[in-house]
Amino acid sequence: MGWTTGQRRIVAAVAATGVAAALALVAYRVLAPAEVSTTARGDYPARSQPAPGVVGRLPVAPLIVDGRLRVYAAQRQVYADQPADGRHRSTPYWSYRRWPATVDAVVASGTTVVSRWSDGRLVALDARTGQVIWRADGPEPERERVTRRTGSAIVWQPRGVSVVRTADGRDAVVTSGSGEVRAVDLAGGAQLWQAEVGRGCREPVGGSADGQLLTLDRCAGPTVVEFRDAATGKVGDRWRPPDAGDELTATLIGCAPTGCAALRTAGPDGISTRGWLLGSGKPVAAAVLDAADAELLDGTAVTLTDGLVVGRAVRNGTERWRASVGPGRLIAVQSDRVHVLTVGNELVTLDAASGRELSRFVLNVGSDGTGWLPGSVYAADGYVTVERLRRPVDPDGDDHTYYFTAEPLIIAAT
């Protein structure tokens, strides 16, 4: 006996509903927000102790974490490889992915790696295992992060996120964006405070050694530097350099895991550059930090002029040491070391306390040669990593013409 028209309609409706449900399930699985965490399977590596010299080359920019791992950022992934002195990038030691959000910034403190995402989400990972320690909400970045393929801007110049040590010794992760500043505890992700701020007219600078969050405020009138207590979120001083114009830029220098000891301000196009010591009260002028490339290490201001590196007491300018390295540029400092890149692309490392030369070698690997110009530079845990750019540098060119090779980052132990 055949089916009636009504029965056929019912069967067709049920079938259509089943197909729709199946398609909805597939769409949900493909499009729904998701995360994938692949934790470490091997033992946590020991610290490497390589001899001074070039270690290798990499296609993407690393963060050196705990002297044992290299942490990288991809569009939707944060991952690590090891050892820190590996010649090439290797199979991930651990990996963390999110979708559809993208990575906006990555910072590290001790063995904790914190990633900030395009939706404002913060995710803290244990560098030793890759396991998620905590997740927390934060303000969304005010604008999309556009970077080149090495990702150096995400890991070496993180925007809108920093780890600040408060006056009572706690480490706070402070994020800003979308008209809001928020701080969470690095240890557990608990929110410490939240503050509404002007949208689109504030630029976070970072944290000082005395537990202050510095921000450039352009919301009303001339630019001012705002000092906010990292533990409570309360605004203290609002300061401008004497005789400063309406426009102002600011860069922290003399930075350590506990914060930064000094500030350099400048007007438009880098004019009227001045250095300032940070501490209780308003910033104090430090003329030895006025040079645009001057660095600060443990109370010693370091400058390079005409091939001569000079270390001076930051408070009174008294010379402490000098070292002849030849023509070049001061490219980085870290804890107890000063790094100079000569015009021949030799990396010279000096002891920050005495000026004694610790190592000197040409930054060349394989048959690459030295016919490149330095881009961004990163130094940590005794390593220096330099982006190599093609001569002449075309800032508007694509990545192929901008970078020196397909693996443009050269990493060295000093």
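Here are the numbers for this structure:
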{"item": "Accessible surface of region 282-335 [probe 1.4 Å, protein heavy atoms]: carbon and sulfur percent", "result": "46"}
{"item": "Only Lys, Arg (+1) and Asp, Glu (-1) charged, at Cβ; region 115-245 dipole about Cα centre in debye", "result": "440"}
{"item": "Within the accessible area of region 141-210 (1.4 Å probe), percent carbon and sulfur", "result": "44"}
{"item": "Computed accessible area, residue 235, all protein chains, 1.4 angstrom probe, square angstrom", "result": "70"}
{"item": "Spread of Cα-to-Cα distances over 10 Å intervals beginning at zero, given as percent, for region 66-131", "result": "23, 55, 21, 1"}
{"item": "Where labels lie 7 Å past Cα in the beta-carbon direction, separation of residue 119 and residue 237 in nm", "result": "4.1"}
{"item": "Stretchable slack from residue 249 to residue 131, in nm (0.36 nm times residue separation minus alpha-carbon distance)", "result": "38.7 nm"}
{"item": "Computed helical MRE - 222 nm, the chain, DSSP H runs ≥ 4 contributing -39500 (n - 2.57), nearest 500", "result": "-2500 deg cm²/dmol"}
{"item": "The chain: most fluctuating residue of 231, 34, 301 per GNM, C-alpha cutoff 10 Å", "result": "34"}
{"item": "Residue 75-residue 38 pseudo-label distance in nm [points 7 Å out on the Cα-to-Cβ vector]", "result": "1.8"}
{"item": "Cα pair distances exceeding 30 angstrom across the chain, given as percent", "result": "48"}
{"item": "Whole-Hz ³J(HN,Hα) from phi, Karplus 6.51 cos²θ - 1.76 cosθ + 1.60, for region 261-267, glycine and proline x", "result": "9, 8, 9, 10, 10, 7, x"}
{"item": "Of all accessible heavy-atom area on region 217-273, the percent that carbon and sulfur account for (1.4 Å)", "result": "52"}
{"item": "Stretch in the chain that is longest and holds no GluC sites (Glu not before Pro) that DSSP places in a loop and that have at most 15 other beta carbons within 10 Å", "result": "248-414"}
{"item": "Per residue, in Å², the accessible surface of the chain once ligands and nucleic acids are set aside, probe 1.4 Å", "result": "47"}
{"item": "Solvent-accessible surface ranking, highest first, for 88, 339, 400 at 1.4 angstrom", "result": "400, 88, 339"}
{"item": "Choice from 323, 61, 250 with maximal GNM fluctuation in the chain (Cα, 10 Å cutoff)", "result": "323"}
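The values are calculated or read from the model by the stated rules, or taken from the named source; none is laboratory data. All values reported here derive from a predicted model rather than from experimental measurement. Cβ coordinates were reconstructed from backbone atoms using ideal geometry, including for glycine residues, and neighbour counts include every protein chain displayed. Note: areas computed on protein heavy atoms with side chains; ligands, DNA, RNA excluded. Shrake-Rupley method; radii C 1.70, N 1.55, O 1.52, S 1.80 Å.
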